[in-house]
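Following: one structure in structure tokens, then a few remarks.
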Amino acid sequence: MEMRRMDGAARGAGAAESARVAENSTRGAAGAEIAGAEENLARSVEAGNAGVKRLAVGLAVIGGGPAGLAAALEAAKQGVRDILILERDNVLGGILNQCIHNGFGLHTFQEELTGPEYAARFVEQVEELGILYRLETMVTDIRATEYGKEITAVSRKDGLTVICAQAVILAMGCRERPRGALNIPGFRPAGIYSAGTAQRLVNMEGQMPGREVVILGSGDIGLIMARRMTLEGAKVKAVAEVMPYSGGLKRNIVQCLEDYGIPLKLSTTVVRIHGKERVEGVTLAKVDERRNTIPGTEEFFACDTLLLSVGLIPENELTEGLGAEMSGCTHGPVVNESMETSVEGVFACGNVLHVHDLVDYVSQEAAMAGRAAAVYLGEKAGCAEHGMPVSGGHASRESVAGAENAKTAAAGQGELAAPGHGMPVSGGHMDCEPITGAENAKTAATGQDELAAPGHEPVVPAVLVIPGAHVRYTVPSFIRPSYADTETLIRFRVDDVLQDRCVCVSLDGEQILRRKKRILAPGEMEQVTIKKTDLISRPGLTEITISIEA
């Protein structure tokens, strides 16, 4: 199928586009579902929204970055035809377009690529498979209706469009935490940028933010920009990190700082910004274990630019508006083994779910979401053909309720948060907020689902995934054995730099895995796999605990 970029005259009238996309469906009953959605939208137009364009699709993917592209591709490979990607930028690829450094693709393509090269591989496949996409389109709202998920999108060329999708994949990525979250005293002079903004200026627009630079935060973007600014002729005076460890990958610490003689100052933060019209310097100071400034440790650095790499926040305003259960630790939605949220037919992947370190992991996770969405659409079509309610592939809301509360409380975290914001100022990852009410969560999360699994097998109750000692969070938050693959991948992060420890997995207290690790760090994502046979062979199983032990 020829690639069709949906802009300007190529899209034509909204109604005509709706009919054409609906015709692309090859799922029989699913086509009838889309037709029903079309009728519902038509009634909405007749009711007074005549200026609103309308469109119905099987699968809508919100976000055209690495997660959205990989999810859409996998869904297409699984037989889903009517897919639409909605991207707010003017090109596909997302943040990768400004990441011109290498190091991407080692896991996915077994070769080292730059960010634009990695993105181009996926964009080429999207074009080959003829997956539809709309650029410069902002999604403003998602809500569930009896016909599916109603998405409101707006663009300069098309105006307001209402899209009814049978399934949705959330892949909006994340944004950088701004200076306002840090409460740094001083004026508001020019010369203060987020690391990502500086990266775009240098790599895509050919502009240098400054010549003498201090970087606050040691997340991967900050580390990479320390090297990039140095290569462009700037002098990077120091990288300050409020935590006693870096928030970035070890390889970036070595390749971006140590190789260029740039000092990394741990347990250090900016306490004052000097200058009114333009940054003239910053004062750094040491902090104690409670992140309070230690008097007498102040040090002044003359500079004209301050870059902030102080954490990433998943873009989940749409997710929260939809009513999905949210994690107090990752600030992303709670998902099951299929990457499905608590809202039926809505899946999440990539940095909108939790902040990743490697884009290859984003692609792997997105492919899981794409496969699960395809299964969901297939089951929905099959059930519609036989007049049955939709079953399988989706999370019952009862299975999700309280699961995140239980695992967060079990982790026993509760680190100090940044003043006034309920979250710590760290170098790239957010710590958990203490959550109460876990005592009733276990019962709610493991309640029997009334619906049957594929093949009409009895449904095994959901199993919570609990973060134990030194584990901050896990993704997924719970697993339904009846719907799990042969193996389920669980990703997690630790809460401190740890040496010579063991990654342990226990099922209701019985340890089934103990794997020694020489070093673990918060900036490095860890993972374990759980076999389906281990889950279904234990009747009444309620908890999987991931912990780090001596």
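For a label point 7 Å from the Cα of L513 along Cα→C-beta, name the residues of the stretch 524-550 whose backbone N is under 14 Å from it. Only 526-535, 544-549 fall inside the zone, counting backbone N under 14 Å. Length gained on full extension, N102 to E127, computed as 0.36 nm times the residue gap minus the Cα-Cα distance: 6.6 nm. For the peptides 235-244, 177-186, 328-337, residues were scored by their other Cβ atoms within 10 Å and the scores averaged per peptide; the highest-first order is 328-337, 235-244, 177-186.
Per-atom-type breakdown for the stretch 71-224 gives carbon and sulfur 48% of the accessible area (1.4 Å probe, protein chains only).
A 1.4 Å probe, protein heavy atoms only, puts the accessible area of F104 near 30 Å². Residues in the stretch 489-494 carry Karplus couplings, in order, of 8, 10, 9, 7, 10, 8 Hz; the curve used is 6.51 cos²θ - 1.76 cosθ + 1.60 with θ = phi - 60°, and Gly or Pro positions show x.
Loop-located chymotrypsin sites (Phe, Trp or Tyr not before Pro) in the stretch 115-221 (DSSP state other than H, G, I, E, B) with a sparse environment of at most 16 neighbouring Cβ atoms within 10 Å: F187. Highest mean packing comes first when the peptides 462-474, 76-88, 52-64, 247-259 are listed by Cβ atoms within 10 Å, giving 52-64, 462-474, 76-88, 247-259.
Given axes a ≥ b ≥ c from the Cα gyration tensor, I'd like to know whether the stretch 214-369 is rounded (a/c under 1.5), prolate (a/b larger than b/c) or oblate. The shape class here is prolate.
The values are calculated or read from the model by the stated rules, or taken from the named source; none is laboratory data. Every value quoted in this text rests on a predicted model; they were computed, and no experiment measured them. Cβ sites come from the backbone with ideal geometry, for glycine too, and all protein chains shown count toward neighbours. Side chains included, ligands, DNA and RNA excluded: accessible areas come from the protein's heavy atoms. Shrake-Rupley method; radii C 1.70, N 1.55, O 1.52, S 1.80 Å.
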